[in-house]
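> Here it is: the structure, laid out below.
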Amino acid sequence: MKVLNEVFYDLIKISGAMDLLKPPPPLPYSDYAPEFITENQRLIDRIEKVNNGEITAVIAVVDSLFADFDVSFENIKQCNHRSAEFSEMEFSGRYIEAFETMGNQASTSRYLDLSKIENTGVFKLKYTSEFPQEREIFWKKENYDFYLSGVIGISRIYFDSSRQFGVIYCYGLCNPLWGSGQFVFIRKIDDKWVIEKTIELWGS
C-alpha cells in the first residue's frame, strides 16, 4: 500500500480520468444533431460544476488488485504491437525479473482498501461494485449526484528481488468506447517510488 500510495495519483493521470475535467472544444453545431448538441452542453455544465466545487468528481476503482496474468517478457516482446519498446537493451535486465513474476500462479488478487489511499487529487474514490455492472456504469452516469470521471483497474505490484523495480498493469475507462491499458514501470529513487515509463498495450 505504501508503494501504491506513492504512485496512485500518477496512475489517475495515466487512466485518462483527468482529461474529462477539461471542457470539450466548441462544436461546429451545424454538423451535429440537436440531441448531440444538448448532450455536449450538459457535459460542459457538469464539468463547470465540478470545477466550481458544486459537485464531486468520482473515479470508480476495481475492488481488488488483480493478479490473473498469463504473460511473459518474451511473448509480450515478440507479439505485442509495441514490441520494440520491450527491448532488453532498453531495460538492461532491470525490470525483466519483476515482469516475469506476473506469470507466477502463486499470486492472488488482493482486496484494495480505498480508505488507505491518500493522494487522490480532486477525486473521490468509489468501488466499481457500488455501481451497475458492465457498461451500465457509464450509461447511467447522468443519474448520479456526482461526476463520474472514469473507471480504473490496477494489478498487484510485481517487484524484482531487490524491491527497487516494479511493474503494474493498469487500465482506465472514461466511457464505453474510450479507454486504454498499459504496463507501468516503477522504480525506487531516494526512497521514493516513481513511474519511469509506461507502455500502452491497447487503446480505443
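> Filter region 168-187 for residues that are over 14 Å from the mean Cα position of the chain (by Cα) and closer than 27 Å to D63 by Cβ; which is surrounded by the fewest Cβ atoms within 10 Å (Cβ to Cβ)?
It comes out as L177.
> Output the number of the condition that W139 fails; it satisfies all remaining conditions of (1) of a type in the set (F, W, Y); (2) exposed (fewer than 13 other Cβ atoms within 10 Å of the Cβ); (3) farther than 27 Å from N40 by Cβ.
(3)
One line per residue, one yes/no per condition, for (1) modelled with pLDDT under 90; (2) within 19 Å of V3 (Cα to Cα); (3) not polar (S, T, N, Q):
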| site | (1), (2), (3) |
| --- | --- |
| G103 | yes, no, yes |
| S109 | yes, yes, no |
| L114 | no, yes, yes |
| P132 | yes, no, yes |
| V151 | no, no, yes |
| R163 | no, yes, yes |
| G181 | yes, no, yes |
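> I need the full set of residues from region 183-204 which are in a strand (DSSP E or B), at pLDDT below 85 and either within 17 Å of E100 (Cα to Cα) or of a type outside the set (D, E) (or both), in order please. Don't jump to the end; show me each part of the working.
First pass over region 183-204, keeping only residues in a strand (DSSP E or B): 183-189, 192-203.
With the extra rule that they be at pLDDT below 85, the set shrinks to 199-203.
Passing the criteria: I199, L201, W202, G203.
> Something else: In region 116-130, which residues are more than 19 Å from C174 (Cβ to Cβ) and either in a helix (DSSP H, G or I) or at pLDDT below 90 (or both)?
K116, N119, S129
> Quick check on region 19-38. Is at least one of its residues modelled with pLDDT of 85 or more, surrounded by fewer than 17 Cβ atoms within 10 Å (Cβ to Cβ) and not β-branched (V, I, T)?
no
> Scanning for something at pLDDT below 80, in a helix (DSSP H, G or I), crowded, with 16+ Cβ neighbours inside 10 Å and under 22 Å from the mean Cα position of the chain (by Cα), does region 56-74 turn up at least one residue? Talk me through it step by step, then tell me what you get.
Kept after step one, since they are at pLDDT below 80, are these residues of region 56-74: 68-74.
With the extra rule that they be in a helix (DSSP H, G or I), the set shrinks to 73-74.
Right, trim to crowded, with 16+ Cβ neighbours inside 10 Å and you get 73.
So of that shortlist, the ones also under 22 Å from the mean Cα position of the chain (by Cα) come out as 73.
The answer is yes, given that some residue of region 56-74 is at pLDDT below 80, in a helix (DSSP H, G or I), crowded, with 16+ Cβ neighbours inside 10 Å and under 22 Å from the mean Cα position of the chain (by Cα).
The values are calculated or read from the model by the stated rules, or taken from the named source; none is laboratory data. No experiment lies behind these values; they were computed from the predicted model shown. Cβ sites come from the backbone with ideal geometry, for glycine too, and all protein chains shown count toward neighbours.
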